[in-house]
Structures are given as structure tokens and as C-alpha cells.
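See below for the structure under consideration.
The values are calculated or read from the model by the stated rules, or taken from the named source; none is laboratory data. Being a predicted model, the structure only gives us computed values, none of them experimental. Positions of Cβ are backbone-derived with ideal geometry, glycine not excepted, and every protein chain shown enters the neighbour counts. Surface accessibility is based on the protein's heavy atoms, side chains included, excluding ligands, DNA and RNA. Shrake-Rupley method; radii C 1.70, N 1.55, O 1.52, S 1.80 Å.
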Amino acid sequence: MVLANLVKVVLGTIAFSVFWVLEVFPAVPFLPIGRTAGSLLGAMLMVVFGVITPAEAYSAIDLPILGFLFGTMVLSIYLERADMLKYLGKLLSWKSKGGRDLLLRICLVSTIFSALFTNDTCCVVLTEFVLKIARQNNLPPQPYLLALASSANIGSSTTAIGNPQNLVIAVQSSISFGDFFKGIIPAMLIGIVVNSLILLVMFWKILSIEMDEEGTISEVITEEEVKYHRFSPATVSHITSSTSQDFDRLLEGPSLNTELGMAENLRDQMGVSDPESMTSRMIASETDNIYEIRSIVESETMDQVGRIQREDKGLSKMSSWPSSVINGLREMCSDYSTSDEMEGFRDRRKKVIWKACVYLVTIGMLVALVMGTNMSWTAISAAVVLVVIDFKDARPYLEKVSYSLLVFFCGMFITVDGLENTGIPGAFWDVMEPHSRIDSIGGVAVLTVVIVLLSNFISNVPTVLLLGSRVAASAASISGGSETRSWLILAWVSTVAGNLTLLGSASNLIVCEQARRPQLFGYTLSFWSHLRFGLPSTIIVIAIGLPLIKG
């Protein structure tokens, strides 16, 4: 393909470079505007520089992909309301046999979840959840976060709805949901087993650490970048109920030693420099509280005595009433109690029925996709059905949709299309195409290396947008079956390549950012700690899976 004029090539390269920098480094010091704004900036520069016209920019936006992403995000919101996370938690903790067992369960859950609801959604929903489970079991978070991200990427390669790049491939190639699944499922099954074994081997010692007498793991982790707080439930001391011994102690008066100890602790926590002043204020405050509690107890006691006396008088009067009246009152009280129980039962039954409807709609959507229906409208229809059967104002739930992600994809589509107009991708493929034909082992190897490098350099979705039609056209010149296989190879390699580096996949970045947020149990997953696992895992899993992909 011939390159465009020099001015367009230079300006298009500048616009795409701005998009790439802000995608990979969203908080870059000189322009910390984030990925979504960076995507829009790259698209705007393509139009302003004249690399692409406004009409071409609008036509570059792939509405079916945006519609499908919107539908699946709404679906995931309602699934979360239907206690899906609670059931996943029970699955992960049910008869768990230690750290290794938990690791394998996370691999399995994230694999299945990502294949059905995209890898990004899986990581958004499960990252903090997995982090809490690791903390509560006093286990190091790193292997579990790596298991979540890598398994989500591998699992998402199985279906046409598992990740955005697969969705792009399915739309452009017209490969059915069933054919896509059958073509990649053997590679995925072997790949997830190999990936899990690599995790177990690399973290065997950490996951096999025995707990000490206090129930905490010995300090064996020596990574300087690992800084986290051990998770423990927060406890708040407040009076909700008191035993007779508590009231006896309070009514007897304050113990000087106890008050001095309490004052000392509070002084240390509050940073008070005058211990005598602090202690005196503490004793005075506690004494006032005791007198207040004593008056409350005495008042409550008098009220109880009066109530009992009134009840006794009432009972004595009721003893002279006819038995039919007494029985009627008993039935009335019984009816009130039964009415409350029936109302609670009806509420529980409605909730169970609603949950069942959510899961049935989800299963129905998956069945429809397997049958070959339009993926975008199937996802949107499932989302609308859930909104209708919920029979409530849907605004609070629709506001949870990640519209910033949809805007990001709009900007990315425009930016990549602008880069296409410069002719750079075409010229690059003209050089690589003779060496990347899939009718030979060497050609598949060269194509794999190109896809892996581009996926980690410009991300996997732009790689698929730039290479997809070219790889398919090259394979079509060999045979019809080769064209389908080339699309599936592109899907497999571009997805698993995301495990190579922390920047290789949006799922990895989501896990990293989500894990840093929790205040009590935050964890920082560094670039190099990810690379130590990602490099061998990516190479081995891709190499083992490639021969198993059939067109």
C-alpha cells in the first residue's frame, strides 16, 4: 500500500502517538487527563489535522460493538444485584483446602466468568472481591491477582463476546458464536491448565507457608514493591446491650485503675500532652455517664413495674370476660402475627422469583448467541428485558454503566481509522506478509511474534483493527478454511499476548488499579513482578495453543 503524503503521515503519527501515550500512561505528568480523554484527544487531532474527515470519523465508530458492550454492562449490573458475587464467594470458600486450592478456584471462576461477560467486566467485579478473600485468609495477594488477570484473558479468548477484540473479529469475519467457540476451546482448556500450573510452581513456597500460633503468615515475601496492610474487620465500641454484670460495675462507680488505663489509651490515640488533665476529664465524663445510665435504669425499672401492675390489673379484669371474647382477641393477635409472616414470605418469594428471572434471561441470551442471532441486539434486548421485569426506575442502575469506556472506544475507532488513512499499517503489512502466511510453521511463528509485539505496543484492540482484514485476505488466498483459522489465530494470540506485560491488556490495568484503591487492604502490583510471571506464561500458553486452533 502506498503511503499518504508526508504531511498527513507526520500529523497522523503525532495524533496516534498522543493517543498511545495517554492509553499506556493515563497519568503522564505533562497531561494527566486519563485514557478516555486521551482517546477523544487523539480522535480530535485526526480530524483537526485533516487526516480524516468528520464524516469518515463518524462512520469509523462501530455501533454494533458499542451496543453489545452496553448490553453486557447492564446485564452484569443486574447479575450483581441478584447476589452473583455472594454465590461466587461461597464457591471460592466452600470446603477450601488452603492457598493452592483457592488459587485454582480463582483461575476456574475467572475463566468461566470472562468467557461469558468479557474479561474487563470480570476484573472490575472480582478484583476487590479476590483481594478481600486473600486478606481474610492471611494469604499474599500477588498470586491471586495474577491468577485473576491471566485466567480472565485466557478464558475470554473462547467466545466471541469474551473481549472487545474478539467481538471485532466476530463482527468483521461473520464467524458464528458456535464456530468461534469450537475453534478455540481446545487451546483455551490446555492453556488455562498450563497457566495454573505455572502459577503454582512459581508461588508454591508462598502458598504452602504454614500459619504461626497467632494465625498469621510468617514474613517470607521479600519483594520491595509489596506494601500492604493485613485485612481485619473494623471494630467499633459502642453500647448496644448490657449484661447485669456491666450495669453492676457501672452502678458501683468508676474504678480508678480502669479509668486511668482508658485515659492513657485515649491520650496516646488523641495526642494529648497533659495526662493529668486528660485523666480528670475522662473520670468526670465517665462519672456523668454513669449517673445518666443509673437514672435511665431506674426510670426503665419503674416503667417496667408500672407496666406489670397494669397488665396484672388488666388480666384480672379480663378473667371476668366471656371466653368467646378472649378467644376472639387471641385469634386477632394470631392473625396479626400470621399477616406479618405472610408478608415477609411474599417478599422473599418475589425476590427469589426475580433472581431466577435474571439468571434465566442471562442463559437465554447465551443460548440465542449460540444459535447465531445478532450479538449486539441480543445483548441490548436482554438488558431491556431485565429493566422491564425489575419494574422500577432504572436510572440508578443505568448510571452504573461505564459510559467512559464506551466513549473511549469511540475515540479509539476514529484514531485507528485515521492511522489507516496514513498508509503506515498497509506499508508495514506489505513488508511482513510474505513471511507471515499461515500455511507454514515459520509463517505462523512470524505472524505470532508480530501480533504479540503490536498487542503489547499499541494494545490488542487496535492491533486487531489494523491487522484483521489484512491477515484474513492473506489467508484467503491459500484456502477458505485458512481464512477462518487466521481470524481465530488472531483472536487467540492477541488475547493471550495481553498476559505478557502489565500494559498488554486493559484487564491487567484494571486489576492493578482496582487493587490499589481499597484503603485497608490495598496492594500494588508492579510492572516487573507481573513480567516475571507473564513472560514465561505467555510464550508457553500461546505455543501450546496454536496447533490446537482449527478453522
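If I model a spin label as a point 7 Å beyond the Cα along the Cα-Cβ vector, how far apart are those points for residue 201 and residue 360 in nm?
Distance between the two pseudo-spin positions: 4.8 nm.
Between residue 33 and residue 352, what is the FRET efficiency for a Förster distance of 41 Å, r being their Cβ-Cβ separation, to the nearest 0.05?
0.35
When the solvent-accessible surface of protein heavy atoms is calculated with a 1.4 angstrom probe, in what order do 56, 420 fall, highest first?
Ranking 56, 420 by accessible area, largest first, yields 56, 420.
Arranged from highest to lowest average of other beta-carbon atoms within 10 Å per residue, in what order do the peptides 386-397, 15-26, 123-134 appear?
Highest mean packing first, the order is 123-134, 15-26, 386-397.
Do the alpha carbons of any pairs in 90/350; 355/392; 97/132; 86/392; 86/355 sit beyond 19 Å of each other, and which pairs?
90/350; 86/392
Quick check: with the 1.4 Å probe, what order do 81, 135, 470 take by accessible area, largest first?
The residues order as 81, 470, 135, largest area first.
Please give the FRET efficiency for residue 427 paired with residue 112, using the beta carbon to beta carbon distance and R0 = 35 Å, rounded to the nearest 0.05.
Efficiency computed from Cβ-Cβ geometry: 0.25.
Enter the accessible area per residue of the stretch 1-97 (Å², integer; probe 1.4 Å; all protein chains in place). Could you put the intermediate results ahead of the total?
Values: 5030 Å² over 97 residues.
Per residue, the stretch 1-97 has 52 Å² of solvent-accessible surface.
Just reorder 87, 359, 58, 78 by solvent-accessible area, largest first, 1.4 Å probe, all chains present. Mind showing how you got there, number by number?
Working: 87 95, 359 65, 58 175, 78 0 Å².
The ranking, largest first, comes out as 58, 87, 359, 78.
To the nearest 10 square angstrom, how much accessible area does residue 435 have with a 1.4 angstrom probe?
110 Å²
In square angstrom, rounded to the nearest 10, how much accessible surface does residue 100 have for a 1.4 Å probe?
Using a 1.4 Å probe on the heavy atoms, I get roughly 80 Å².
If you count only protein heavy atoms and use a 1.4 Å probe, how large is the accessible surface of residue 181, to the nearest 10 Å²?
Accessible area of residue 181: about 80 Å².
Out of the total accessible area of the stretch 394-518 (probe 1.4 Å, heavy atoms of protein only), what percent is carbon and sulfur?
On the stretch 394-518, the fraction of accessible area on carbon and sulfur atoms equals 63 percent.
Let's see if you can work this out: charge +1 on each Lys and Arg Cβ, -1 on each Asp and Glu Cβ, no other charges. What is the dipole magnitude of the stretch 88-215 about its Cα centre, in debye to the nearest 20?
240 debye
Give me the accessible area per residue for the stretch 151-202, probe 1.4 Å, as a whole number in Å².
For the stretch 151-202, the per-residue accessible area is 29 Å².
With r defined as the distance between the Cβ atoms of residue 387 and residue 80 and R0 fixed at 22 Å, what FRET efficiency is calculated, to the nearest 0.05?
About 0.90, to the nearest 0.05.
Have a look at the stretch 431-551 and give its Rg and Dmax from the Cα atoms, expressed in angstrom.
16.2, 58
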